1. Any chance you could give the angle, 0 to 90 degrees and rounded to 10, that helix 2-15 forms with the longest Cα principal axis of the chain?
2. Going by alpha carbons, how many degrees (0 to 90, nearest 10) lie between the helix axis of 68-78 and the longest principal axis of the chain?
3. Rounded to the nearest 5, what is the percent of antiparallel bridges among the DSSP beta bridges in the chain?
4. So, in nm, how far is label residue 36 from label residue 127 when the simple model puts each one 7 Å beyond its Cα toward the Cβ?
5. Helix 20-39 against the longest principal axis of the chain: what's the angle in degrees, Cα atoms only, rounded to the nearest 10?
6. Using a cut-off of under 17 Å, list every residue of the stretch 53-73 whose amide N is near the label point 7 Å from the Cα of residue 101 along the Cα-to-beta-carbon line.
7. Full-extension gain between residue 74 and residue 92, please, as 0.36 nm times their residue separation minus the C-alpha to C-alpha distance.
8. For a test of the definition: using alpha carbon positions, the gyration tensor, and the 1.5 limit on a/c, classify the stretch 27-117 as rounded, prolate or oblate.
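A short reminder: the numbers here are calculations on the coordinates, not readings from a lab. These numbers come from a predicted model, not from an experiment. With ideal geometry, Cβ positions are generated from the backbone for all residues, glycine too; neighbour counts draw on all protein chains shown.
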């Protein structure tokens, strides 16, 4: 019975033009664009990958913070110039589609700067909003 339901769901997703591979690639493209914008030193462009809402959730070492503007302000405070931003690389370890509108991303981040190389992990909840995948929750450590 479970196989039949799974097969039917897969067929329906396919019939509606939903391709897991395509959607995963679109999510990865958003993250790649963020990486490129970060490496240009453009935090405003980097933030375009986030949901521009007061409900955006960012969890870092100082606990949960809400809001797109607050997240941008925190980035500007923590990374006031290009030298502080360094060069960002990601290692996307998993993109798991929850359904056609929501996905979970697990990855590692690494900054290369003149004096240090901080690194850590992140988990993201991304949501398809108005046809575009956006980060709605980010937990980075």
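1. 70
2. 40
3. Values: 31 of 35 bridges.
Around 90 percent of the beta bridges assigned by DSSP in the chain are antiparallel ones.
4. The modelled label-to-label distance comes out at 2.7 nm.
5. That helix lies at roughly 10 degrees to the long axis.
6. Correct set: 53, 55-56.
7. Numbers: separation 18, 0.36 × 18 = 6.48 nm, distance 2.36 nm.
Length difference between fully extended and current span is 4.1 nm.
8. Details: a/c = 1.75, a/b = 1.26, b/c = 1.39.
The shape class here is oblate.
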